[in-house]
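For reference, the structure discussed in these notes is given below.
The values are calculated or read from the model by the stated rules, or taken from the named source; none is laboratory data. Being a predicted model, the structure only gives us computed values, none of them experimental. As a convention, Cβ positions derive from the backbone with ideal geometry for all residues, glycine included, and neighbour counts pool all protein chains shown. To get the accessible areas, we keep the full protein, side chains included, count just its heavy atoms, and leave off ligands, DNA and RNA. Shrake-Rupley method; radii C 1.70, N 1.55, O 1.52, S 1.80 Å.
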Amino acid sequence: MFIIRPSSLFEIQRGMSRSLPRQHTFVRQKSSKSPLEAYELKVKEGKWKPDPYQEKAIFAVNGLYQELQAYTQPPVPKESFHLHSRGEEKTSVLSKFRSTLGKYASRFMASSRPFAPQIPKGIYLYGDVGCGKTALMDLFYNHLPSNITRSKRIHFHAFMLHIHQSAHHLKQVKGYGFDVIDYLSAQLASKCTVLCFDELQVTDVAGALILRRLFECLQKYGVVIFITSNRAPNDLYKNGIQRESFLPCIHLLNESLNVICLDSPNDYRRLKSETEDIYLHPAQDPLVKKQLQQWFERYGNIRGDPTHEVQLEVFGRTILVPKVSGDAAWFTFKELCGEPKSAADYISLANRFRAFIISDIPQLSIEAKDLVRRFINFIDAAYDSRAKVILSADVPVDLIYPTPEGYKPLQSSEISKKYTESGEHSKIASESNYHGNFAGVEEVFAFSRCLSRLAEMRKSDWFQN
Ligand SMILES: Nc1ncnc2c1ncn2[C@@H]1O[C@H](COP(=O)(O)OP(=O)(O)OP(=O)(O)O)[C@@H](O)[C@H]1O
């Protein structure tokens, strides 16, 4: 048994940034072309298919590029990112006066215009799965004008994990009166003029509240934001608890960003091409079991590194990886998703292993939100690190969880009826604590995105590198 253990909080935080998959630490390719020119070239060279929906969006993206050519971000006020000045402000009369003035000023700014003057409107690009949102964002990011020297492109999920971690640490050091999000935004603003967030989702009330404050602060410090999401701003955190406290954030997104719907019907991940037979069913079939073992041996190193257990330590917790050989890990679905695991856990796993075998996936009922959410988080992490994933399930992979086409919200009475059904699968499925009429609606959409990713991850060229 091996234990991998970061030694200190510093290590954990460094580990966090090191543990971000390649896509999160995205390196910008510099280019003299505009995003529009780069797009046209891709189509001309036949690398991309012509798509009128994307063309409309790329014109708007190019408009932002042109505005950025004339934009200079105002310097971040020094006191905004000094930990000490904030903590010490309470002591003198003068600083009390300054602090009161500051509060009035910030209240005024927050209510009327919480962003730096002349900041170009960023972009909020949303649409269905696989229609090219990230691809267009990447075109923008890789073809920023030469005057924009500082930029970041971050996967939203990983970014929020980082914010939660840093906020937790800062609150322990500075106490609860400290405006953590403003401080972190100032830090970020001092490092980037343009910030690209890929795949924004809002799934919990804490995230919703952080987001609102974060966007206010980033705009105040003159950071131009580009967001991609599967949801329109007005549909974010729909049916969420205390949604009313998120409405100002929606208002801010609508007001300060150019909201573009990429309503293309194309899911480019599903374009026909050679695929591997890696999503196997039924899981109990001896042939399926044999095939899984063969895949494990193909990516493991059975002779040099016989199958063993590994304990991986992530942020002070231990994740047990029951079967490991070389860079391959094998979990049953229950081991991977049957108990609480965070997105950070899955990101760490995806960074450590090159290939995953996930066996015995049951067909989940709609109320098995926690289980499917963990599975989706795992696939997201594996996709971002380009890991190979081989699955066995009771049913074809498309049927593991309902998709929007087959979705019908359950009434509470139907849910309780399902809970009373006996058997292993209904036991797994009954873990969710949800009791409303919209059980699993977010997860249904998230799962269809997950299927789009799985479609790309079974293509032969995914397996070639
Ligand atoms: N016009 C196009 N022609 C061919 N392939 C394309 C085109 N646009 C995008 N793609 C490819 O389609 C795949 C999916 O695109 P992308 O990741 O940008 O989708 P997305 O809208 O961000 O999906 P999701 O919502 O699931 O994250 C990528 O491999 C991308 O390079």
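Just one of (1) at pLDDT below 50; (2) in contact with an Asp or Glu (Cβ under 9 Å, 6 or more places away or on another chain); (3) buried (at least 17 other Cβ atoms within 10 Å of the Cβ) fails for Cys450. It is (1). The C-beta contact set for the range 441-456 (first residue more than 9 Å from the ligand (Cβ to nearest atom), second residue open to solvent by less than 10 Å² (accessible area, probe 1.4 Å) and in a helix (DSSP H, G or I), distance under 7 angstrom, 6+ apart or interchain) comprises Glu443/Val372; Ala446/Ile376; Phe447/Val372; Phe447/Ile376; Leu454/Ile379. Annotation: of all residues in the range 181-235 being away from the ligand (no atom under 16 Å from the Cβ) and in contact with an Asp or Glu (Cβ under 8 Å, 6 or more places away or on another chain), the one that is nearest to Ile119 (Cα to Cα) is Cys217.
Within 19 Å of Cys450 (Cα to Cα), crowded, with 23+ Cβ neighbours inside 10 Å, of a type outside the set (Val, Ile, Thr) and in contact with a helix residue (DSSP H, G or I) (Cβ under 9 Å, 6 or more places away or on another chain): does that describe Ala350? Judged against the criteria, Ala350 is a match. Taking first residues from the range 129-141 that are within 6 Å of the ligand (Cβ to nearest atom) and partners that are open to solvent by less than 10 Å² (accessible area, probe 1.4 Å) and assigned to a loop (DSSP other than H, G, I, E, B), the Cβ contacts under 8 Å between residues at least 6 apart in sequence or on separate chains come to Cys131/Leu262; Cys131/Ser264; Gly132/Asp51; Gly132/Leu262; Gly132/Ser264; Lys133/Gly127; Lys133/Leu262.
If I ask for residues that are assigned to a loop (DSSP other than H, G, I, E, B), polar (S, T, N, Q) and open to solvent by 90 Å² or more (accessible area, probe 1.4 Å), which ones from the range 33-72 would you list? Selection gives Gln69, Thr72.
Among the criteria (1) open to solvent by less than 60 Å² (accessible area, probe 1.4 Å); (2) in the same structural domain as Pro396 (by TED's automatic domain parsing), the one His281 does not fulfil is (1).
All of Pro120, Pro75 fail the test of being modelled with pLDDT of 85 or more, more than 16 Å from the ligand (Cβ to nearest atom) and open to solvent by less than 50 Å² (accessible area, probe 1.4 Å), apart from Pro120. Under the condition of being closer than 23 Å to Ser448 by Cβ, open to solvent by less than 10 Å² (accessible area, probe 1.4 Å) and small (Gly, Ala, Ser), the residues counted in the range 214-261 number 1.
Note on the range 254-275: residues that are over 13 Å from Met457 (Cα atoms), more than 12 Å from the ligand (Cβ to nearest atom) and among the acidic types (Asp, Glu) amount to 1.
Which members of the range 194-206 meet the condition of being open to solvent by 10 Å² or more (accessible area, probe 1.4 Å) and of a type outside the set (A, V, I, L, M)? Scanning the range 194-206 gives Glu199, Gln201, Thr203, Asp204. Just one of the numbered conditions (1) at pLDDT 90 or above; (2) more than 11 Å from the ligand (Cβ to nearest atom) is not true of Leu161: (1).
Residue-by-condition table, conditions (1) closer than 26 Å to Leu161 by Cα; (2) within 19 Å of the chain's Cα centre (by Cα); (3) surrounded by fewer than 23 Cβ atoms within 10 Å (Cβ to Cβ):
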{"residue": "Glu313", "(1), (2), (3)": "yes, no, yes"}
{"residue": "Thr318", "(1), (2), (3)": "yes, no, yes"}
{"residue": "Ser325", "(1), (2), (3)": "no, no, yes"}
{"residue": "Phe356", "(1), (2), (3)": "yes, no, no"}
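Residues in the range 385-399 that are modelled with pLDDT under 95 and surrounded by 23 or more Cβ atoms within 10 Å (Cβ to Cβ): 0 in all. State yes or no: is Asp360 of a type outside the set (Phe, Trp, Tyr), part of a strand (DSSP E or B) and either crowded, with 17+ Cβ neighbours inside 10 Å or away from the ligand (no atom under 16 Å from the Cβ) (or both)? Yes; evaluated as a whole, the condition is true for this residue.
Taken over the range 130-140, the criterion of being buried (at least 21 other Cβ atoms within 10 Å of the Cβ) and either under 16 Å from Tyr71 (Cβ atoms) or small (Gly, Ala, Ser) (or both) is satisfied by Gly130, Gly132, Phe140.
Can you name the residue in the range 33-43 that is more than 12 Å from the ligand (Cβ to nearest atom) and charged (D, E, K, R) and, of all such residues, is nearest to Leu136 (Cα to Cα)? Looking at residues that are more than 12 Å from the ligand (Cβ to nearest atom) and charged (D, E, K, R), I get Glu37.
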